[in-house]
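The values are calculated or read from the model by the stated rules, or taken from the named source; none is laboratory data. What you are looking at is a predicted structure, and each value in this text was computed from that prediction instead of being measured. Positions of Cβ are backbone-derived with ideal geometry, glycine not excepted, and every protein chain shown enters the neighbour counts.
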């Protein structure tokens, strides 16, 4: 559910699975995507780009603070997505989330402690 853009249901993982490469990459700055998407999902992606400035404002940043803001949704080999953010200075971070619930993957370290997996 895309509550940020209103009650707008999409199934990005199912659509990603239908693509030959098994993923869809969404650019939230431009409101575009790489990969085949339905008209409904394409509209949702555009709507997210339109509301992004207001979301940024509420967080004390501007859209101009980002050089890149993308998410790659993978619909094959287990649902997961990778968020990539590049700031205006060029520093990039990538984080992987798994499942429809969007959890950071966890691992057990050599001492038996449960830890978040390192970034993607």
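With 60, 64 as the choices, which residue is more than 15 Å from the chain's Cα centre (by Cα) and more than 20 Å from residue 92 (Cβ to Cβ)?
Only one candidate qualifies: 60.
Residues of the stretch 9-53 being under 17 Å from residue 79 (Cβ atoms), touching a residue at least 40 places away in the same chain (Cβ under 8 Å) and either in a loop (DSSP other than H, G, I, E, B) or more than 13 Å from the chain's Cα centre (by Cα) (or both), which ones?
14, 15, 17, 18, 19, 22
Give me the strands (runs of 3 or more DSSP E) completely within the stretch 54-120, filtered to those with at least 2 residues that are at pLDDT below 95 and surrounded by fewer than 13 Cβ atoms within 10 Å (Cβ to Cβ), ordered by residue number.
Per the criteria, 106-108, 114-116.
If a residue must be in contact with a strand residue (DSSP E or B) (Cβ under 8 Å, 6 or more places away or on another chain) and more than 22 Å from residue 102 (Cα to Cα), how many such residues does the stretch 37-65 contain?
Counting residues in the stretch 37-65 that are in contact with a strand residue (DSSP E or B) (Cβ under 8 Å, 6 or more places away or on another chain) and more than 22 Å from residue 102 (Cα to Cα) gives 1.
Name the residue that is surrounded by the most Cβ atoms within 10 Å (Cβ to Cβ), counting only residues in the stretch 7-31 that are within 20 Å of residue 63 (Cβ to Cβ) and out of contact with any helix residue (DSSP H, G or I) (no Cβ under 7 Å at 6 or more places or on another chain).
Within the stretch 7-31, the match that is surrounded by the most Cβ atoms within 10 Å (Cβ to Cβ) is 25.
Since residue 35 meets every condition but one in (1) within 23 Å of residue 86 (Cβ to Cβ); (2) exposed (fewer than 15 other Cβ atoms within 10 Å of the Cβ), which condition does it not meet?
The single condition residue 35 does not satisfy is (2).
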